[in-house]
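S.K.: My structure is below; once you've seen it, I'll send some questions.
The values are calculated or read from the model by the stated rules, or taken from the named source; none is laboratory data. What you see is a predicted model; the values in this text were computed from it and never measured. Note: ideal-geometry Cβ built from the backbone for every residue, glycine included; neighbour counts use all protein chains shown. Side chains included, ligands, DNA and RNA excluded: accessible areas come from the protein's heavy atoms. Shrake-Rupley method; radii C 1.70, N 1.55, O 1.52, S 1.80 Å.
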Amino acid sequence: TLQLGMATAAMANGGRWLAPRLVRTVRDVEGRILRSDAPDARASVGTPAAVRAMAEIMEGVVARGTGGQAAVKYFRSAGKTGTAQISGPSGGYIKGRYNAVYIGWTPAEAPVLAMAIVIHDPDPSLGYYGGAVAAPVFGWVGAEALRYLRIVARSGPDTSSRAPIVRRPA
C-alpha cells in the first residue's frame with residue numbers, strides 16, 4: 001500500500017518521487033524548530049509529457065469511468081480503481097477473495113492529498129470492485145481532509161483551470 005501511495009504521490013507531483021516520512025518538523029513547546037528534514041527527492045518517474053498524459057487519463061477515470069464514487073465535491077480528482085484476487089498460500093488465487101483498490105489525488109490541478117486505499121477481502125455481498133468499495137472511501141476522506149486543511153474551491157464560471165485557495169484561520 002505504501003508503494004502504491006508513493007507512486008500516486010509521484011504522479012501528483014508532476015513525476016517527482018519523494019521519499020515517505022512521518023515527521024517533517026519537530027518543534028519544542030515554544031514552537032522553535034528543533035529538527036527539520038528536507039524531502040528526499042529522486043529522479044522523475046517519467047517524462048513530463050507522459051506524466052501529464054497519465055494525469056489526464058486518471059482524471060477521466062473519476063469524471064467518466066469506474067472511479068466516479070471517488071469524486072470530491074467542488075474539486076477535480078484523479079485516480080485509478082483496481083480489483084485483484086488474493087493469492088493462495090501455495091500459488092494461484094483464492095476463488096471469491098479480492099482486494100479492492102483505489103489510488104488518487106485531489107485537487108487534480110493543484111494536489112494537496114494523495115492516497116492509496118486498499119480494502120482487503122471486502123464482504124462480497126457489499127461488492128468487491130475497487131470502484132464500488134475503495135473509491136467511496138477516497139471521496140469521503142478527501143472531502144473531510146480538504147475541509148480540515150481549509151482548502152476551498154475557487155468560485156466563478158471556470159474553476160477547472162484555477163488552483164484552489166488555502167484559507168488559514170485568522
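S.K.: Tell me yes or no: at least one residue of the range 78-85 is of a type in the set (Lys, Arg) and either over 17 Å from residue 6 (Cα atoms) or open to solvent by less than 30 Å² (accessible area, probe 1.4 Å) (or both). First the steps, then the outcome.
M.R.: If we filter the range 78-85 for residues that are of a type in the set (Lys, Arg), which is where we start, we get 80.
Okay, now just the ones that are also either over 17 Å from residue 6 (Cα atoms) or open to solvent by less than 30 Å² (accessible area, probe 1.4 Å) (or both), so none.
Checked the range 78-85: no residue is of a type in the set (Lys, Arg) and either over 17 Å from residue 6 (Cα atoms) or open to solvent by less than 30 Å² (accessible area, probe 1.4 Å) (or both).
S.K.: Quick one: count up the residues across the range 1-59 that are among the small types (Gly, Ala, Ser), touching a helix residue (DSSP H, G or I) at 6+ places or on another chain (Cβ under 9 Å) and farther than 19 Å from residue 102 by Cβ. Working first, answer last.
M.R.: First, pick out the residues of the range 1-59 that are among the small types (Gly, Ala, Ser): 5, 7, 9-10, 12, 14-15, 19, 31, 36, 38, 41, 43-44, 46, 49-50, 53, 55.
Applying the additional criterion that residues be touching a helix residue (DSSP H, G or I) at 6+ places or on another chain (Cβ under 9 Å) yields 10, 12, 14-15, 19, 44, 46, 55.
Next, from what is left, pick out any that are farther than 19 Å from residue 102 by Cβ: 14-15, 19, 44, 46.
The qualifying residues number 5.
S.K.: Tally time: how many residues in the range 64-95 are hydrophobic (A, V, I, L, M, F, W, C) and within 15 Å of the chain's Cα centre (by Cα)? Show your work before the answer.
M.R.: Initially, the range 64-95 is screened for residues hydrophobic (A, V, I, L, M, F, W, C), giving 70-72, 75, 78, 84, 86, 94.
Checking which are within 15 Å of the chain's Cα centre (by Cα) leaves us with 70-72, 75, 78.
Number satisfying all stated conditions: 5.
S.K.: When the range 131-155 is examined, which residues are found to be β-branched (Val, Ile, Thr) and either in contact with a helix residue (DSSP H, G or I) (Cβ under 6 Å, 6 or more places away or on another chain) or outside any helix (DSSP H, G or I) (or both)?
M.R.: Within the range 131-155, 151, 152 qualify.
S.K.: I'd like to check something: does the range 125-132 contain any residue that is farther than 29 Å from residue 53 by Cα, at pLDDT below 95 and open to solvent by 40 Å² or more (accessible area, probe 1.4 Å)?
M.R.: From the range 125-132, those farther than 29 Å from residue 53 by Cα are 125-127; that's our starting set.
If we keep only those that are at pLDDT below 95 as well, we get 125-127.
With the extra rule that they be open to solvent by 40 Å² or more (accessible area, probe 1.4 Å), the set shrinks to 125-126.
Yes: the range 125-132 contains one or more residues that are farther than 29 Å from residue 53 by Cα, at pLDDT below 95 and open to solvent by 40 Å² or more (accessible area, probe 1.4 Å).
S.K.: (1) modelled with pLDDT under 95; (2) surrounded by 15 or more Cβ atoms within 10 Å (Cβ to Cβ): which one isn't true of residue 149, the others all being true?
M.R.: Result: residue 149 passes all but (2).
S.K.: Going by the conditions given, is residue 25 under 30 Å from residue 140 (Cβ atoms) and more than 22 Å from the chain's Cα centre (by Cα)? Reasoning before the result, please.
M.R.: Working: under 30 Å from residue 140 (Cβ atoms): yes; more than 22 Å from the chain's Cα centre (by Cα): yes.
Yes: the conditions hold for residue 25.
S.K.: Kindly establish whether residue 31 is without any contact (Cβ under 8 Å) to a residue 12 or more places away in the chain, open to solvent by less than 80 Å² (accessible area, probe 1.4 Å) and more than 23 Å from residue 130 (Cβ to Cβ). First the steps, then the outcome.
M.R.: Working: without any contact (Cβ under 8 Å) to a residue 12 or more places away in the chain: yes; open to solvent by less than 80 Å² (accessible area, probe 1.4 Å): yes; more than 23 Å from residue 130 (Cβ to Cβ): yes.
Yes, satisfied.
S.K.: Continuing with the same structure: Only one of 86, 57, 117 is under 23 Å from residue 15 (Cβ atoms) and in contact with a strand residue (DSSP E or B) (Cβ under 8 Å, 6 or more places away or on another chain); which?
M.R.: Values: 86 fails: under 23 Å from residue 15 (Cβ atoms); 57 fails: in contact with a strand residue (DSSP E or B) (Cβ under 8 Å, 6 or more places away or on another chain).
None of the others qualify; the one that does is 117.
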